[in-house]
Structures are given as structure tokens and as C-alpha cells.
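Read-outs: derived from the displayed coordinates by stated rules, not from any lab. What you see is a predicted model, and the numbers here were worked out from it, not measured in a lab. Backbone-built Cβ (ideal geometry, glycine too); neighbour counts: all protein chains shown.
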Ligand SMILES: CC(C)(COP(=O)(O)OP(=O)(O)OC[C@H]1O[C@@H](n2cnc3c(N)ncnc32)[C@H](O)[C@@H]1OP(=O)(O)O)[C@@H](O)C(=O)NCCC(=O)NCCS
């Protein structure tokens, strides 16, 4: 179950990018919690996940920064949820390294850090998080 947002070019209606957002929760180690100055007595912490994100290839070639713009839009949506509807502390993503080996760099440039529990494991995706309050 997901809600998908489209970014369309005004003049042509073409879909430039899409992202799907879902509710999430993450477990962090004591060290990770410290890193985020998180004094929280529960094991799981509420989050919002970018479940899908892609920029259409012609638009990637035409413009720089659309993927980062979509991440910023996801953060704004989470901020408005925090103010009006429900609370979440992290934006999460499972970086798809199977299909895009270097995608981790894109998320790192956008303020995400890999979650400790999955580091070093041979996986198709790498779970990452971005703190909405503090830079980790
Ligand atoms: C990953 C994706 C969304 C990035 O979108 P984009 O519009 O190209 O990204 P931006 O222009 O905002 O890039 C921001 C920065 O990240 C870098 N970057 C973008 N994609 C990268 C990649 N695959 N590997 C390494 N760096 C990347 C850019 O060079 C840029 O760096 P700079 O600011 O130093 O110039 C896009 O390439 C895409 O749709 N890929 C296919 C689908 C995909 O892999 N989705 C993610 C699955 S989790």
C-alpha cells in the first residue's frame, strides 16, 4: 500500500519523476540513538519511507537536481504530517543497489546515512535514514 506522487512538466504534462511514500518504523542501536540525540524509551521509532523514487531518463539528462527535489518534497510532506496529522522522526529508504550500484552516493548527498544493523551484509538494498531534526 503506497501513495504515489508525480512531478509533471507543466508545458507537456510529461511525467518527470515519481515517488511512493508509506508509513514506516525503524529500530536503532543505542549508539545510533545517541548520534541522533534521541532519548526515546521505545525500540521502534516512527518514520516515513520513500518506497519508490525515479526520475525519467530524458529529464535526468535535461535537468540536474530533480531526484534531490523529490527528496525535499518528501521531507516537506513529512513535516506537514508532523504539524497536522501524525508524527515521524526519520525519512527512510531502501537504496536499491542491485539495479543502481552507486545510488548510495545520491542518498548520502541528500543527508541519508546507512542503518547500522545491515552494514556489511550482502544485500540487494541498503536501509538508510535521514533525521528530520538533527544531522547525524
Ligand atoms: C537515483 C535518481 C532518483 C537520482 O535522480 P537525479 O535527478 O539524477 O539526482 P540529482 O540530480 O538530484 O543528484 C544529486 C546528486 O547526486 C548525484 N547522483 C545522482 N544519481 C547518482 C548515482 N546513481 N550515483 C552517484 N551519484 C549520483 C548527482 O551527481 C548529484 O551530485 P552533485 O550534487 O555533487 O552534482 C535517478 O538517477 C533515478 O531515477 N535512477 C533510477 C531509479 C533509481 O535508482 N531509484 C532509486 C532507487 S532506491
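Using only DSSP helix segments of four residues or longer, with each worth -39500 (n - 2.57), what per-residue ellipticity at 222 nm results for the chain after dividing by its residue count and rounding to 500? Intermediate values should be presented prior to the final figure.
Values: 4 runs with 38 residues, N = 136.
Dividing the helical sum by the residues of the chain leaves -8000 deg cm²/dmol.
Which peptide among 85-97, 31-43, 53-65 comes first, and what is the full order, when sorted by highest mean count of other Cβ atoms within 10 Å?
Values: 85-97: 18.4, 31-43: 11.8, 53-65: 13.3.
With the highest mean Cβ count within 10 Å placed first, the list reads 85-97, 53-65, 31-43.
Return one number: the angle in degrees, 0 to 90 and rounded to the nearest 10, between the long axis of the Cα atoms of helix 66-84 and the longest principal axis of the Cα atoms of the chain.
50 degrees
Can you give me the Kirkwood hydrodynamic radius for the stretch 52-110, using every pair of distinct Cα atoms, in Å to one decimal? If you can, show how the numbers build up before the last one.
Working: mean 1/r = 0.0771 Å⁻¹.
One over the average 1/r among Cα pairs gives 13.0 Å for the stretch 52-110.
Which value, in Å to one decimal place, does the Kirkwood hydrodynamic radius take for the chain when every pair of different Cα atoms is included? The partial results should precede the final answer.
Working: mean 1/r = 0.0632 Å⁻¹.
By the Kirkwood definition, the hydrodynamic radius is 15.8 Å.
Which percentage, to the nearest 5, of the DSSP beta bridges contained in the stretch 39-136 is antiparallel? Walk me through the numbers before you get to the answer.
Numbers: 9 of 13 bridges.
Rounded to the nearest five, the antiparallel share is 70 percent.
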